[in-house]
Amino acid sequence: MSTTSVLLVEDEPAIVELVSYSLREAGWSISSVGTTSAAWESIRHGKPDLLLLDWMLPDQSGLRLLARLRADRDFQDIPVIMLTAKSMEEDKLAGLNTGADDYVTKPFSPRELLARARALLRRKSPHLAEAPLRAGSVVLDPSSCTVTIEGQNADIGNAEYKLLKFLLAHRERVFSRAQLLDKVWGDHAVIEERTVDVHVLRLRKALKSAEGLIRTVRSVGYMLSEK
């Protein structure tokens with residue numbers, strides 16, 4: 001499965017935990033470091049798809065790291081969102097003029113950050129923002145909202161599509177019926193826990209030969225696994 005890789009450069013543990021949790025829930029791969037020197041070494045060893053960069057860091061300003069990236073031919077195209085408590089207009093202009101693609105001020109909503117990150121990737125790396133999700137012979141393409149099995153289009157309902165997309169983005173993880181209700185349909189949805197079983201049954205039927213990907217974990221819930 002192609003996964004968007006994110007490097008978070010932030011020295012506040014609470015923010016690292018919050019952002020990491022939110023992006024992993026969205027199906028992205030995230031790693032974090034607390035200094036610009038550690039960030040530079042991480043980038044040199046593996047170029048991330050997106051950089052979330054704090055302004056105020058222990059060793060030097062995140063702005064200096066940004067300037068270094070933009071001056072380097074190998075890394076100048078990395079999408080960068082600045083995360084900072086600096087909210088004055090001149091600070092925002094300094095960040096943008098140095099090469100930041102977007103600017104999010106603290107405190108911020110993780111949902112807003114994710115939305116901004118997705119919007120940025122749609123502009124700069126559309127293949128990442130809408131990367132297909134794969135497991136075995138099943139391929140879900142978010143850009144066209146289609147599912148194929150062994151190259152053939154699958155007839156799948158909207159509720160089952162949402163369920164499959166979520167499970168593909170979080171494979172090898174077990175979710176209870178209540179968690180699936182909340183994560184897939186939202187806690188405002190008028191749907192009962194036992195209805196999840198119905199959608200799982202329909203999803204398995206739609207997956208045909210690949211139905212074994214959807215596993216029942218007794219007394220717990222469901223998961224998608226290739227093992």
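For segment 105-119, state whether one or more residues are more than 30 Å from His170 (Cβ to Cβ) and among the charged types (D, E, K, R). No, the conditions are met nowhere in segment 105-119. Listed by first and then second residue, the pairs with beta-carbon distance under 7 Å, at least 6 apart or on different chains, first residue in segment 137-161 and over 17 Å from Leu201 (Cα atoms), second modelled with pLDDT under 85 and assigned to a loop (DSSP other than H, G, I, E, B), are Val139/Pro132; Leu140/Pro132; Asp141/Pro132; Pro142/Glu130; Ser143/Glu130. Determine whether segment 62-71 contains at least one residue that is outside any helix (DSSP H, G or I) and buried (at least 21 other Cβ atoms within 10 Å of the Cβ). No: segment 62-71 contains no residue that is outside any helix (DSSP H, G or I) and buried (at least 21 other Cβ atoms within 10 Å of the Cβ). For segment 12-50, filtered to residues that are of a type in the set (S, T, N, Q) and under 20 Å from the mean Cα position of the chain (by Cα), the residue that is nearest to Val184 (Cα to Cα) is Ser22.
Note on segment 88-99: residues that are within 16 Å of Arg64 (Cβ to Cβ) and either touching a Lys or Arg at 6+ places or on another chain (Cβ under 9 Å) or among the acidic types (Asp, Glu) (or both) total 5. You will find that of Arg194, Arg204, Arg177, the residue that is of a type outside the set (Ser, Thr, Tyr), over 21 Å from Thr3 (Cα atoms) and touching a Phe, Trp or Tyr at 6+ places or on another chain (Cβ under 9 Å) is Arg177 and no other.
Take the conditions (1) buried (at least 17 other Cβ atoms within 10 Å of the Cβ); (2) under 24 Å from Glu41 (Cβ atoms); (3) touching a Lys or Arg at 6+ places or on another chain (Cβ under 9 Å); Met56 misses just one of them, which is (1). Restricting Val138, Val80 to those that are under 24 Å from the mean Cα position of the chain (by Cα), over 23 Å from Ile43 (Cα atoms) and at pLDDT 90 or above reduces the list to Val138. Going through (1) among the polar types (S, T, N, Q); (2) assigned to a loop (DSSP other than H, G, I, E, B); (3) surrounded by 13 or more Cβ atoms within 10 Å (Cβ to Cβ) one by one, Ser37 falls short only on (2).
The values are calculated or read from the model by the stated rules, or taken from the named source; none is laboratory data. Computed from a predicted model, the values in this text were never measured in an experiment. We place every Cβ from the backbone using ideal geometry, glycine too, and count neighbours over all the protein chains shown.
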